[in-house]
Protein chains: 2
Amino acid sequence: MRAEFRADLLEIGRLLVSMAEAVRTAMSQATDALLTADRSAAESVVARDDEIDNTYRLVEEKVYEVLARQAPVAGDLRMVVSALHIAGDMERMGDLADHVARTGLRRHPAPTVPQELVGVFRQMGNVADRLALELSQVLTAPDAGRAARLDHADDDMDALHRQLFAALLGPGWPHGVEPAVDAALLGRYYERYADHAVNAGRQIVYLITGEPVTPQ
Amino acid sequence: MRAEFRADLLEIGRLLVSMAEAVRTAMSQATDALLTADRSAAESVVARDDEIDNTYRLVEEKVYEVLARQAPVAGDLRMVVSALHIAGDMERMGDLADHVARTGLRRHPAPTVPQELVGVFRQMGNVADRLALELSQVLTAPDAGRAARLDHADDDMDALHRQLFAALLGPGWPHGVEPAVDAALLGRYYERYADHAVNAGRQIVYLITGEPVTPQ
């Protein structure tokens, strides 16, 4: 592998890791902001989504540059194009953190999440955090076992999502329609965040094993 | 441009147009199935999503092959990589049609959508159909004006989405939590379908004008 190409891949890798860290911070702060009705934390998540979008564009530019200048083939080509997919998934994870933050802002200063759902959203936030952390680690040290752990965390997210809906749609729900609609959409944002983390992880497994990826 | 490369681009273009037609049919059938509680139509949408996923993989394989064999640069390179983004957006449009169909199946044989919301969902289905049609046309004959019409249709979808939420959250909503949660998630699926159509359209404008795209 030419030294220049290796340097390009390292730079793309660094950008991807910085995106993984940024989307991890974004969802963690968005969850805190949501559950504590912290307006300035929510606004900071919204403001910083532009930085994530900018990093996405840097990855895209770098990928175009590498394809044009180095004309990689086979595994090298796959690696470069996968970076685009991975960055695309993380760009979307940033958007979903932004949506969580904005949902909190819309009801501010009233709390968006009723007290009995704070626990399940806290857990969804924790699983999201674990997923983003695994993702930044699998980017740093690709490992099919670690990527499989992303799938397990995604199962945890799905279980929390079912638990959330059981609470919303159960006979004991006392809060009426609006908090239920907010909670259902919030649940969807966390679930999609997890799906994108898993997709990005699978792209990395694809690089290691050559097994193709079906997006979810 | 070499004849072989031109033939590759034509084949990619044909695959993209067939995806646009497939996701148009999928959402149109999913809307009908939802609003008429038609189980077999809904099941057919779900079953045919695999075909859309397969076409996505064909595009991806073809893109890898073209990048490796032809090593395109500049505008040619941009065109080939954009095909991946466009196919990715349409793969997701197929998933969202699948979600609409499954939402209907979950409540079958009971209707999922209360009578007073049938009109707004019918209109969302019509706007989705217009978007997918514009998309297949802009793929066949790229034109920045036509892509701008995608933005206008997306504005219509956003207005319908607001109208839907006003009905769900208004004082006169008599149906309780479960139909409201279903309707809110369905609204989100249509809105995202429109966003992906617009993203795909913008990728095509990017090919024409060189203006970069921020995903939405």
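The values are calculated or read from the model by the stated rules, or taken from the named source; none is laboratory data. Only a predicted model underlies this, so the values are computations on that prediction, with no experimental measurement involved. Ideal geometry is used to build each Cβ from the backbone, glycine not excepted, and the neighbour counts take in all protein chains shown.
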(Q) Anything in segment A:183-194 that is facing chain B (nearest Cβ under 9 Å), in contact (Cβ under 8 Å) with a residue 24 or more places away in the chain and buried (at least 21 other Cβ atoms within 10 Å of the Cβ)? List them, or say none. (A) A:183
Q: Residue by residue through segment A:107-135, note down the ones that are in contact with a Pro (Cβ under 9 Å, 6 or more places away or on another chain) and of a type in the set (A, V, I, L, M, F, W, C).
A: A:113, A:117, A:118
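Conditions (1) part of a helix (DSSP H, G or I); (2) within 29 Å of residue A:87 (Cα to Cα); (3) touching a residue at least 24 places away in the same chain (Cβ under 8 Å); (4) touching a His at 6+ places or on another chain (Cβ under 7 Å), marked per residue:
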{"position": "A:101", "(1), (2), (3), (4)": "yes, yes, yes, no"}
{"position": "A:118", "(1), (2), (3), (4)": "yes, no, yes, no"}
{"position": "A:131", "(1), (2), (3), (4)": "yes, yes, yes, no"}
{"position": "A:152", "(1), (2), (3), (4)": "yes, yes, no, no"}
Q: Would you be able to tell me the number of residues in segment A:140-172 that are surrounded by fewer than 14 Cβ atoms within 10 Å (Cβ to Cβ), within 14 Å of chain B (Cβ to nearest Cβ) and at pLDDT 95 or above?
A: 2
Q: For segment A:76-101, name all the residues that are more than 9 Å from chain B (Cβ to nearest Cβ), touching an Asp or Glu at 6+ places or on another chain (Cβ under 8 Å) and either surrounded by fewer than 20 Cβ atoms within 10 Å (Cβ to Cβ) or among the charged types (D, E, K, R) (or both).
A: A:98
**Q.** Residues of segment A:103-113 classified as buried (at least 18 other Cβ atoms within 10 Å of the Cβ) and not in a helix (DSSP H, G or I), total
**A.** 2
Q. Is at least one residue of segment B:195-212 away from chain A (no Cβ under 11 Å), without any contact (Cβ under 8 Å) to a residue 60 or more places away in the chain, assigned to a helix (DSSP H, G or I) and loosely packed, with under 15 Cβ neighbours inside 10 Å?
A. no
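If I filter segment A:53-75 down to residues being part of a helix (DSSP H, G or I), buried (at least 18 other Cβ atoms within 10 Å of the Cβ) and touching a residue at least 40 places away in the same chain (Cβ under 8 Å), which single residue comes out as nearest to the other protein chains (Cβ to nearest Cβ)? Spell out how you get there, then give the answer.
Filtering segment A:53-75 down to residues part of a helix (DSSP H, G or I) leaves A:53-70, A:74-75.
Checking the rest, the ones that are also buried (at least 18 other Cβ atoms within 10 Å of the Cβ) come to A:55-56, A:59-60, A:62-63, A:66-67, A:70.
Within this subset, residues satisfying the condition of being touching a residue at least 40 places away in the same chain (Cβ under 8 Å) are A:55, A:59, A:62-63, A:66, A:70.
Details: A:55: 12, A:59: 12, A:62: 12, A:63: 8, A:66: 11, A:70: 9 Å.
So, considering only residues that are part of a helix (DSSP H, G or I), buried (at least 18 other Cβ atoms within 10 Å of the Cβ) and touching a residue at least 40 places away in the same chain (Cβ under 8 Å), the one nearest to the other protein chains (Cβ to nearest Cβ) is A:63.
Go through segment A:14-52 and count every residue that is small (Gly, Ala, Ser) and surrounded by fewer than 16 Cβ atoms within 10 Å (Cβ to Cβ). Step through it out loud before you land on a result.
The initial filter retains those residues of segment A:14-52 that are small (Gly, Ala, Ser), namely A:18, A:20, A:22, A:26, A:28, A:30, A:33, A:37, A:40-42, A:44, A:47.
Filter once more, keeping what is surrounded by fewer than 16 Cβ atoms within 10 Å (Cβ to Cβ): A:40, A:47.
Within segment A:14-52, residues that are small (Gly, Ala, Ser) and surrounded by fewer than 16 Cβ atoms within 10 Å (Cβ to Cβ) number 2.
Tell me the residue from B:94, B:13, B:75 that is more than 25 Å from residue B:188 (Cβ to Cβ) and touching a helix residue (DSSP H, G or I) at 6+ places or on another chain (Cβ under 7 Å), please. If you could, list the steps in order and put the result at the bottom.
Numbers: B:94 fails: more than 25 Å from residue B:188 (Cβ to Cβ); B:75 fails: touching a helix residue (DSSP H, G or I) at 6+ places or on another chain (Cβ under 7 Å).
None of the others qualify; the one that does is B:13.
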